[in-house]
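The values are calculated or read from the model by the stated rules, or taken from the named source; none is laboratory data. It should be emphasised that the depicted structure is a prediction, and the values quoted were computed from it without experimental measurement. For neighbour counting, all protein chains shown are included, and Cβ atoms are generated from backbone atoms with ideal geometry for every residue, glycine included.
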Amino acid sequence: MSQTGAHIIAVGNEKGGSGKSTTALHLAVYLLHQGHRVATMDVDSRQQTLTRYLRNRRTTIEASTRQIPMPKHVHMPTAWGDSIRENQVVERDMFTKAIAGLRDEVDYFVIDTPGFDGNLARLAHGFADTIVTPVNDSMIDLDVLARVDPVTGEPIETSPYSRNVQKARAERLAATGAGIDWVLVRNRISNLGSRNASQVQTTIERVAAKLGCRVADGIAERVIFRSLFPIGMTVFDPLEADLLGGAPSMSHVNARQEYRSLVAALRLPAPARHDSQAEMVRRSA
Ligand SMILES: Nc1ncnc2c1ncn2[C@@H]1O[C@H](COP(=O)(O)OP(=O)(O)OP(=O)(O)O)[C@@H](O)[C@H]1O
Ligand SMILES: [Mg+2]
């Protein structure tokens, strides 16, 4: 468990469009549906995809008679002063205050980070207990984690993003004795088994071994994800035809199963309040 009490999950990858925002919202909503208290934080101040996704969700909820859960959401703006040093201090202050302000109210934070390096992205990775890195299912996207020998397929050199994550992990380990769990997830996996797909799987496992992180089973490429953003929904929400403009399909069911497997693979700690509730039940038995 983190220094803050709530478990912090940062979804990160400096490669743009790898599925960070989609994954962040799905993780958050799945945990909400499991009865947990969840806060989301958007530190991608340029695109604000998660913030806009949740705004769409609010609109859908207001027009609906169904019970649809909503996380507590914080959007973290970039500081725009003249001094980089001062901006960093201001951003750190805002970030730590946002976490501290919600730490006793939620069980999990899910933080969406931008597809580029920056102070807020580093703060999110540095504060995380679990880092989830979605990787698009292609060798080009793996290159953002490590440079791979084109002949042998061996990872030769870690990338700047991986080095940042490793630095955050080393600092956490030195400070608290507990590391940051880092999990890679293949995203948008082609349904057609191909030579590329098996090459990506073999290589991602080698890269993970080099980086000392884990690989979770991936999420398939599914058209359904395109229709979810405008209504702010996830595959875990009540997906009736009137919301989606079409009947829910096997694709929803399969996508749910994949995200469930992902959360299981993350091995998130049970929230402390659940532990104490379980203890009370044991004592009264
Ligand atoms: N499993 C999937 N199947 C099909 N489309 C997907 C899947 N996951 C994500 N997408 C689509 O890929 C696009 C990029 O996803 P998303 O915005 O989540 O990526 P991102 O990593 O947050 O991007 P950025 O780096 O720009 O913040 C979106 O159009 C999203 O709907
Ligand atoms: Mg995004």
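Among residues of the stretch 202-221 that are among the polar types (S, T, N, Q), those with a beta-carbon under 9 Å from a residue that is assigned to a helix (DSSP H, G or I) and more than 16 Å from ligand 1 (Cβ to nearest atom) at least six positions away or on a different chain give the pairs T203/M139. Search the stretch 1-22 for residues being more than 9 Å from ligand 2 (Cβ to nearest atom) and among the hydroxyl-bearing types (S, T, Y), and hand back the single one that is surrounded by the fewest Cβ atoms within 10 Å (Cβ to Cβ). Among them, the one singled out is T4. Each residue in the stretch 229-263 was checked for being within 21 Å of S64 (Cα to Cα), under 20 Å from the mean Cα position of the chain (by Cα) and either modelled with pLDDT under 90 or basic (K, R) (or both), and 2 of them qualify.
For the stretch 24-52, the tally of residues that are near ligand 2 (Cβ under 9 Å from one of its atoms) and hydroxyl-bearing (S, T, Y) stands at 1.
Per the conditions (1) within 16 Å of ligand 1 (Cβ to nearest atom); (2) out of contact with any Pro (no Cβ under 8 Å at 6 or more places or on another chain); (3) within 15 Å of A124 (Cβ to Cβ), the sole criterion not satisfied by F109 is (1). For G101, state whether it is of a type outside the set (K, R), under 24 Å from L32 (Cβ atoms) and more than 16 Å from ligand 1 (Cβ to nearest atom). So G101 fits the description; yes. The criterion of at least 2 residues that are of a type in the set (V, I, T) and modelled with pLDDT of 90 or more is met by the following helices (runs of 4 or more DSSP H) wholly inside the stretch 135-214: 160-176, 195-211. Go through the residues of the stretch 102-114 one by one and say whether even a single one is in contact with a Leu (Cβ under 6 Å, 6 or more places away or on another chain), modelled with pLDDT of 95 or more and under 16 Å from A208 (Cβ atoms). Within the stretch 102-114 (the criterion being in contact with a Leu (Cβ under 6 Å, 6 or more places away or on another chain), modelled with pLDDT of 95 or more and under 16 Å from A208 (Cβ atoms)), the answer is no, since none of the residues qualifies. Restricted to the stretch 96-132, and to residues there that are buried (at least 21 other Cβ atoms within 10 Å of the Cβ) and among the charged types (D, E, K, R), the residue that is nearest to N13 (Cα to Cα) is D112.
On the stretch given as the stretch 141-183, residues that are within 17 Å of the chain's Cα centre (by Cα) and either under 18 Å from H7 (Cα atoms) or of a type in the set (F, W, Y) (or both) total 8.
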